[in-house]
Amino acid sequence: MMIKVVKFGGSSLASAEQFKKVGNIIRAEESRKFVVPSAPGKRFSDDTKVTDMLYKCYAEASEGKNFDKSLKAIKERYNEIIKGLGLKLSLDEQFETIKKQFSVLAGEDYAASRGEYLNGIVMAEYLGYEFVDAATVICFDANGEFDSEKTNKVMSERLSKVESAVIPGFYGAMPNGKVKTFSRGGSDVTGSIVARAIKANVYENWTDVSGFLAADPRIVKNPKPITVITYKELRELSYMGASVLHESAIFPVRKEGIPINIRNTNAPDDKGTMIVETTCHTPEYTITGIAGKKGFVSISIDKDMMNSEIGFGRKVLQVFEDNGISFEHMPSGIDTMTVFVHQDEFVEKEQKVLAELHRAVHPDSIELESDLSLVAVVGRGMRNNSGIAGNIFSALAKAKVNVKMIDQGSSELNIIIGVRNKYFEDAIKTIYSVFVPED
């Protein structure tokens with residue numbers, strides 16, 4: 001029998017009305033046995049997410065202020081959902097515990113996790129599923145690092161005893177019982193961990209969009225949806241800013257070859273995007289998607305006969321490492337090596353880095369260029385097509401966009417283009433129009 005893990009984001013669970021949509025989705029397929037909820041999100045644009053309300057409430061407790069009013073507001077959010085669903089459920093006991101724990105300053109992670117914890121209790125009651133506290137099945141080590149193998153063993157054992165369960169997202173516990181959270185958006189990760197533990201057929205991640213789009217809709221008008229994308233393509237696009245899914249959510253399911261299906265709670269008939277290990281599904285277009293980030297600096301180091309100097313690259317990168325600066329890309333020529341880094345990381349240490357580079361490799365000259373953007377063109381379809389880079393260059397030239405760098409990965413899965421920040425949106429629109437024709 002098919003088994004699915006279904007994870008619902010905060011916007012999908014913001015109100016009783018949204019909860020009902022979720023209930024209908026889960027009940028529509030018997031295979032949806034394991035549910036991972038986020039904390040309630042915004043009900044309308046100016047609303048506050050429950051997680052943010054909890055952070056604020058805990059900050060008041062930490063400062064020794066009276067936090068009763070803030071806690072009451074959070075309780076009212078849940079009671080509104082409970083009443084709207086017609087449930088006979090009281091969270092009085094849970095809120096008493098939270099109040100006590102806030103009073104003794106149980107920690108910011110504990111505070112932030114309560115949104116998912118309480119929503120899990122409501123969801124389990126609504127569905128008639130068993131509630132499994134994530135703190136009992138998601139294990140972090142004493143240093144606060146996620147312990148994937150221990151978690152997989154503990155969770156597999158625990159969930160094998162239940163037919164259907166609700167496991168709250170976002171948090172787990174350390175060996176001493178102290179609650180520890182993943183980074184923001186970590187409910188995606190919990191869903192992936194549950195899918196691995198029960199060897200699910202599919203991990204459905206329900207959110208407020210119908211999967212991934214080929215470009216940012218704030219830049220490109222009505223970009224095409226991506227129906228199938230590989231883990232590798234997704235990693236490239238997520239890294240460059242395309243954010244529908246927490247990028248760490250890929251790893252647990254990838255180990256087991258479990259596909260992830262991104263779906264829309266508000267449009268449940270849309271098929272969404274299927275994320276897979278590999279596929280013979282032929283992409284409709286040469287590219288799968290385009291994403292990018294602004295705010296980079298290029299440091300170009302010139303030195304005659306650089307190519308014959310053993311250890312040159314290592315010495316250069318050592319300077320950046322010693323200053324706690326990670327590099328993004330490193331295109332090089334015979335006598336030139338360029339390093340792209342995040343501008344905000346570099347600016348404070350600029351002169352120190354330059355002095356250390358001079359001492360380390362004695363360059364003929366060093367040139368800096370700031371306010372640059374990197375645009376990633378990603379797609380498995382590029383492997384079998386010639387002239388991709390040429391098409392990009394000629395289109396950008398026609399659009400009067402000056403290219404500062406082009407770098408193609410050895411996997412032929414992506415091409416990175418560097419342009420000035422002011423050309424960022426134009427570059428994305430132009431490249432998109434080259435590869436995705438208008439209907």
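The values are calculated or read from the model by the stated rules, or taken from the named source; none is laboratory data. The structure displayed is predicted, hence computed values, not measured ones. Virtual Cβ from ideal backbone geometry, glycine too; neighbours counted across all protein chains shown. Remember, those area values only see protein heavy atoms, side chains included, never the ligands or the DNA or RNA. Shrake-Rupley method; radii C 1.70, N 1.55, O 1.52, S 1.80 Å.
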Percent carbon-and-sulfur accessible area, the stretch 343-384, ignoring ligands, DNA and RNA, probe 1.4 Å: 43
Cα centroid separation - the stretch 92-123 against the stretch 268-291, whole Å: 39
Dipole of the chain [Lys/Arg +1, Asp/Glu -1 at C-beta], most positive-end residue of 6, 389, 48: 6
Å² per residue, accessible surface of the stretch 111-200 at 1.4 Å: 37
Length added when fully stretched, residue 302-residue 399, from 0.36 nm per residue minus Cα-Cα: 31.9 nm
Cβ-based charge dipole, the chain, positive-most Cα from 164, 220, 431: 164
For the stretch 203-221 versus the stretch 133-151, the gap between their alpha-carbon centres in whole angstrom: 31
Mean-position separation - Cα centroids, the stretch 1-48 and the stretch 58-72, in angstrom: 29
Under the Debye formula (equal points on every Cα, no solvent term), log10 I(q)/I(0) of the stretch 189-294 at q = 0.10, 0.20 Å⁻¹: -0.26, -1.07
Charge sum, other residues only, whose C-beta stays under 11 Å from residue 168's C-beta, Lys/Arg counted +1 and Asp/Glu -1: 0
Full-extension gain in nm, residue 45 to residue 60, via 0.36 nm per residue minus C-alpha separation: 2.9 nm
Cα-centred dipole magnitude for the stretch 129-285, charges only on beta-carbon of K, R (+1) and D, E (-1), debye, nearest 20: 140
Accessible area expressed per residue, the stretch 275-393, with surrounding protein chains retained (probe 1.4 Å, Å²): 51
Computed accessible area, residue 2, all protein chains, 1.4 angstrom probe, square angstrom: 90
222 nm mean residue ellipticity, helices alone, for the chain (DSSP H n ≥ 4; -39,500 (n - 2.57); rounded to 500): -11500 deg cm²/dmol
About the Cα centre, charge dipole magnitude for the chain (Lys/Arg +1, Asp/Glu -1 at Cβ), debye: 1100
Relative packing of 325-335, 33-43, 230-240, which averages over residues the other C-beta atoms within 10 Å, highest first: 33-43, 230-240, 325-335
Gain upon complete extension [residue 29, residue 222; 0.36 nm per residue less C-alpha separation]: 66.4 nm
Highest-fluctuation residue, 92, 46, 109 considered, GNM on the chain with Cα pairs under 10 Å: 46
Förster radius 22 Å - calculated FRET efficiency between residue 105 and residue 143, Cβ distance, rounded to 0.05: 0.60
Residue-count net charge about residue 272 - beta-carbon cut-off 11 Å; Lys, Arg +1, Asp, Glu -1: -1
Accessible area per residue in Å² at 1.4 Å probe, computed on the stretch 1-42: 35
Karplus (6.51, -1.76, 1.60) ³J(HN,Hα), θ = phi - 60°, over the stretch 332-340, in Hz, Gly and Pro reported as x: 9, x, 5, 10, 9, 9, 10, 10, 9
Residue among 324, 258, 280 farthest towards the positive dipole end of the stretch 243-378, charges placed on Cβ: 258
Rounded to whole Å, sorted largest first: equivalent-ellipsoid semi-axes of the stretch 373-439, Cα gyration tensor: 18, 15, 10
Highest to lowest packing among 68-79, 192-203, 421-432, scored as the average C-beta count within 10 Å: 192-203, 421-432, 68-79
Peptides 99-105, 370-376 ordered by average Cβ neighbours within 10 Å, highest first: 370-376, 99-105
